[in-house]
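Structure record follows, encoded as structure tokens.
Just so it is clear, none of the values below were taken in a lab; they were calculated from the coordinates. As the structure is a computational prediction, the values presented were derived from the model and not from experiment. As a convention, Cβ positions derive from the backbone with ideal geometry for all residues, glycine included, and neighbour counts pool all protein chains shown.
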Ligand SMILES: [Fe+2]
Ligand SMILES: [Fe+2]
């Protein structure tokens with residue numbers, strides 16, 4: 001049995017304590033049961049990303065105000081960030097509300113709580129959404145020249161860029177577990 005540490009909610013950005021980006025670092029999640037893996041994805045990766053998005057939103061708003069007349073890519077970053085935030089929050093809601101409960105119920109041999117008439121198509125949609133997220137991060141990297149700080153950065157810009165790097169890093173682990181561990185397991189069970 002693999003223990004899953006729940007992440008306490010962080011309602012305000014200032015009071016927020018970001019969770020450890022690598023919980024249980026020695027854990028091989030490929031060996032975890034499907035309910036354990038799903039619980040880990042939700043309790044750590046979804047919670048981490050939600051907190052990080054809230055934090056980044058506030059940091060980005062401040063950085064835009066602080067940039068003054070300096071030339072800056074933050075206008076473009078804001079456009080990509082808004083799309084990233086909207087896409088990720090909708091994606092998590094769909095996984096938590098529909099897909100994950102269905103996977104756990106079906107792997108357990110019980111009836112799925114939703115009708116998965118075309119689960120393979122649903123999984124293809126999920127993978128396409130993951131790819132969109134990765135492309136948005138690539139766009140942010142492109143307009144910031146890989147998060148390169150200007151000679152005279154606005155206050156807080158280094159922390160903002162580090163926040164994007166941390167979220168991107170956690171999302172890579174998150175999407176890897178879904179694309180290469182959880183969903184192949186579902187497909188391997190003949191459920192799709
Ligand atoms: Fe997810
Ligand atoms: Fe996902």
Rounded, prolate or oblate (a/c below 1.5 giving rounded, otherwise prolate when a/b exceeds b/c) for the stretch 33-85 by Cα gyration tensor:
prolate
Neighbour-count order for 148, 127, fewest beta carbons within 10 angstrom listed first
148, 127
Under the rule rounded for a/c under 1.5, else prolate if a/b exceeds b/c, else oblate, using alpha carbon gyration tensor axes a ≥ b ≥ c, the stretch 32-188 is classed as prolate
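Exposure proxy check: 140, 103 ranked by fewest other beta carbons within 10 Å?
Numbers: 140 21, 103 25.
Lowest count first: 140, 103.
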Cα Rg over Rh - the stretch 20-109, Kirkwood:
1.13
